Structure formats: C-alpha cells, structure tokens
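For reference, the structure discussed in these notes is given below.
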Amino acid sequence: QVQLVESGGGLVQAGVSLRLSCAASGRTFSGWTMGWFRQAPGKEREFVSSISWSTRITYYADSVKGRFTISRDNAKNTVYLQMSSLKPEDTAVYYCAASQFTYSSRRSEYDYWGQGTQVTVSS
C-alpha cells in the first residue's frame with residue numbers, strides 16, 4: 001500500500017521557520033516528481049512547490065518564492081519543505097504528492113497524495 005505521510009506542521013508565529021517532511025512508503029518513487037500543495041479554509045488546493053527526481057528541477061508558486069525551499073532525500077524516500085518568514089496567509093493544510101511528470105502544478109497530474117499536515121501562522 002502506497003503511503004505519503006506528512007509531518008512537521010504546527011502553530012507558529014509570523015516570521016519564524018518550519019520544516020515539513022513527507023515520508024513515502026509502499027513503493028519507490030524513483031523517477032517521480034514530488035510536490036507540495038496547500039489548502040486554506042474555504043479555498044481550493046493550490047500548488048506550492050515541486051522537485052524532480054534528480055533534484056535539478058524545482059518550481060515554486062510566486063507566493064512562496066524566496067521563502068520556501070523544497071528538497072528531497074531519495075535514499076530515504078523523503079521530501080522536505082523548508083518554510084521561512086512565515087506569514088498568516090501561509091496558514092493551510094499542506095499536502096505532499098507524487099507525479100510522473102517532470103514538472104506539474106496541476107493536481108490532476110499527481111497520482112498519490114498524503115493526508116496533510118496543518119500549518120497555522122499567527123500574526
């Protein structure tokens with residue numbers, strides 16, 4: 001059974017940093033792109049960032065560019081999202097997902113999803 005399990009969320013104050021992790025199990029994601037999405041209350045799930053298998057190709061939503069950094073450890077089957085200078089508008093449930101596309105910001109192009117981890121940023 002394929003599982004993506006996110007961790008590292010929490011309640012933090014604006015301006016601090018937080019690192020999310022996503023551990024994959026049940027299969028290897030060799031060659032797959034890993035992505036992070038988020039969904040705020042009352043809003044649609046939106047793309048945050050993605051990283052290719054080789055780690056050479058990374059993409060970020062404009063809203064997080066320069067503040068968030070995605071990385072992955074293929075030996076551990078784990079992807080990370082380092083979030084810095086957090087803002088209240090970053091408050092959302094964060095999901096990791098796996099895609100066979102080298103790059104994609106479309107939810108429909110991700111085949112596997114985690115259950116999400118809540119990040120709440122207070123002002």
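The values are calculated or read from the model by the stated rules, or taken from the named source; none is laboratory data. It should be emphasised that the depicted structure is a prediction, and the values quoted were computed from it without experimental measurement. Backbone-built Cβ (ideal geometry, glycine too); neighbour counts: all protein chains shown. Surface accessibility is based on the protein's heavy atoms, side chains included, excluding ligands, DNA and RNA. Shrake-Rupley method; radii C 1.70, N 1.55, O 1.52, S 1.80 Å.
Given the structure, is residue 95 closer than 19 Å to residue 115 by Cα, at pLDDT 95 or above and of a type outside the set (S, T, N, Q)? Write out each step before concluding.
Numbers: closer than 19 Å to residue 115 by Cα: yes; at pLDDT 95 or above: yes; of a type outside the set (S, T, N, Q): yes.
For residue 95, the condition - closer than 19 Å to residue 115 by Cα, at pLDDT 95 or above and of a type outside the set (S, T, N, Q) - is met.
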> Quick one: which strands (runs of 3 or more DSSP E) sit completely within the range 1-110 and have at least 2 residues that are open to solvent by 20 Å² or more (accessible area, probe 1.4 Å) and more than 19 Å from residue 123 (Cα to Cα)?
Replying inline: 3-7, 18-25, 46-51, 58-60, 68-73, 78-83
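Do we have residue 101 as over 20 Å from residue 1 (Cα atoms), in contact with an Asp or Glu (Cβ under 6 Å, 6 or more places away or on another chain) and aromatic (Phe, Trp, Tyr) here?
Numbers: over 20 Å from residue 1 (Cα atoms): yes; in contact with an Asp or Glu (Cβ under 6 Å, 6 or more places away or on another chain): yes; aromatic (Phe, Trp, Tyr): yes.
When the stated conditions are applied, residue 101 passes them.
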